[in-house]
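First comes the structure, then the notes that go with it.
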């Protein structure tokens, strides 16, 4: 499959590496406003400068491509993704889909109108830890889920666009965890309430700490506590999880999953560490693999825009809730 990639510096280098290693993929266009980023990509991967562009519009006209990878800041995703879809290309973009629900809905509409595939790179789904938790829940190992707690605490000195966002954790990072909540529990949220704040030592302009509670479709509650200016690194990027069901709990901490069986009352009858499920491909490599396979087969990719609109909807509903101090129904966040 022939690819154009827009955004080849910064995180774009991850996608350059993923595409280079997949024998089914071929790069036919590199797009970036930064000439040094283009030069660096060519030097590392042996691309000819003839496939380099500073304009996506020009690349879409001149490069014989089938797909577009968009690895740029979310503020420009709508313009680039819609342009790619209208040009007849299938698209992968980095998360979050965009910075507003209106933009996300416009991208969804473009995908549905053109009939082309648009996938959002929710790479956290493709990790042995999260895949194992999802499999345990899907098999009914802990029964029906009643409550979930997810804690995410890191202290990260981001600069650039993240430092200027109004709610940097919720908008830029929590999409991963909100998507995992849907993926692992197999439940969709119906409402959310919460608060956000900015500790005195934070270098972020916007509120980078928050606590929100989602009510799920089966009346279960999911509590999400997070901070990007924590005084210490207390978890890995997946966060810490406590998933409670009618028959027991799943506990995740830094790569370790513990299953506590409590089929009667509140006493744990059996507890043990669960082996992680093996995966042939992980992270962005798995996103690309699912993308290519589904385009060839006609199946729906796991994280296409039709699915991801529900995960990003959680983000903007949570933003609305912390801004207004009110409970917000999903579907009314844009």
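Can we say residue 236 is under 18 Å from the mean Cα position of the chain (by Cα), without any contact (Cβ under 8 Å) to a residue 24 or more places away in the chain and outside any loop (DSSP other than H, G, I, E, B)? So residue 236 fails the test. Against the test of being out of contact with any strand residue (DSSP E or B) (no Cβ under 7 Å at 6 or more places or on another chain), more than 30 Å from residue 15 (Cα to Cα) and at pLDDT below 95, the options 332, 270 yield a single qualifying residue, 332.
For region 109-126, the criterion of being buried (at least 18 other Cβ atoms within 10 Å of the Cβ), part of a helix (DSSP H, G or I), in contact with a strand residue (DSSP E or B) (Cβ under 6 Å, 6 or more places away or on another chain) and without any contact (Cβ under 8 Å) to a residue 40 or more places away in the chain is met by none of the residues.
Can you name every residue in region 207-229 that is surrounded by fewer than 19 Cβ atoms within 10 Å (Cβ to Cβ), touching a residue at least 40 places away in the same chain (Cβ under 8 Å) and part of a loop (DSSP other than H, G, I, E, B)? Selection gives 218 alone. Exactly one of these conditions fails for residue 158: (1) part of a helix (DSSP H, G or I); (2) within 25 Å of residue 255 (Cβ to Cβ); (3) touching a residue at least 60 places away in the same chain (Cβ under 8 Å). Give me its number. Tallying (1) part of a helix (DSSP H, G or I); (2) within 25 Å of residue 255 (Cβ to Cβ); (3) touching a residue at least 60 places away in the same chain (Cβ under 8 Å), residue 158 fails exactly one: (1). Comparison of 168, 189 shows that the only residue that is farther than 16 Å from residue 242 by Cα, under 17 Å from the mean Cα position of the chain (by Cα) and modelled with pLDDT under 95 is 168.
Just one of the listed residues (132, 141, 72) is in contact with a strand residue (DSSP E or B) (Cβ under 8 Å, 6 or more places away or on another chain), in a loop (DSSP other than H, G, I, E, B) and outside the structural domain of residue 8 (by TED's automatic domain parsing), and it is 141. Does residue 178 fit the bill of being out of contact with any helix residue (DSSP H, G or I) (no Cβ under 6 Å at 6 or more places or on another chain), touching a residue at least 60 places away in the same chain (Cβ under 8 Å) and within 20 Å of residue 97 (Cα to Cα)? Against the criterion (out of contact with any helix residue (DSSP H, G or I) (no Cβ under 6 Å at 6 or more places or on another chain), touching a residue at least 60 places away in the same chain (Cβ under 8 Å) and within 20 Å of residue 97 (Cα to Cα)), residue 178 does not qualify.
Within region 192-205, being modelled with pLDDT of 95 or more and either part of a helix (DSSP H, G or I) or in contact with a helix residue (DSSP H, G or I) (Cβ under 7 Å, 6 or more places away or on another chain) (or both) holds for 192, 193, 194, 195, 196. Every test in (1) under 30 Å from residue 203 (Cα atoms); (2) over 22 Å from the mean Cα position of the chain (by Cα) is passed by residue 264 save one, and that test is (1). Pull up region 70-79, narrow it to residues that are touching a helix residue (DSSP H, G or I) at 6+ places or on another chain (Cβ under 6 Å) and modelled with pLDDT of 95 or more, then point me to the one that is surrounded by the most Cβ atoms within 10 Å (Cβ to Cβ). Per the stated criteria, the residue is 70. Here residue 123 clears all of (1) more than 30 Å from residue 278 (Cβ to Cβ); (2) at pLDDT 95 or above except the condition numbered (1).
Anything in region 80-105 that is in a helix (DSSP H, G or I) and either farther than 20 Å from residue 319 by Cα or out of contact with any helix residue (DSSP H, G or I) (no Cβ under 6 Å at 6 or more places or on another chain) (or both)? List them, or say none. If the condition is that a residue be in a helix (DSSP H, G or I) and either farther than 20 Å from residue 319 by Cα or out of contact with any helix residue (DSSP H, G or I) (no Cβ under 6 Å at 6 or more places or on another chain) (or both), then 80, 81, 82, 83, 84, 85, 86, 102, 105 are the ones that fit.
Just the residues that are within 18 Å of the chain's Cα centre (by Cα) and either assigned to a loop (DSSP other than H, G, I, E, B) or not assigned by TED's automatic domain parsing to the domain that holds residue 55 (or both), please, taken from region 8-17. Across region 8-17, the qualifying residues are 10, 11. Can you confirm whether residue 153 is within 25 Å of residue 259 (Cβ to Cβ), touching a residue at least 12 places away in the same chain (Cβ under 8 Å) and surrounded by fewer than 20 Cβ atoms within 10 Å (Cβ to Cβ)? Yes; evaluated as a whole, the condition is true for this residue. Among the residues making up region 170-206, those that are within 26 Å of residue 158 (Cβ to Cβ) and surrounded by fewer than 20 Cβ atoms within 10 Å (Cβ to Cβ) are 195, 197, 198, 199, 200, 201, 202, 203, 205, 206.
May I ask you to list the residues in region 258-294 that are surrounded by fewer than 13 Cβ atoms within 10 Å (Cβ to Cβ) and in a strand (DSSP E or B)? Scanning region 258-294 gives 270, 272, 273.
The values are calculated or read from the model by the stated rules, or taken from the named source; none is laboratory data. All of these numbers come straight from a predicted model, not from anything done at the bench. Heads up, the Cβs are rebuilt from the backbone with ideal geometry, glycines too, and the neighbour counts pull from every protein chain shown.
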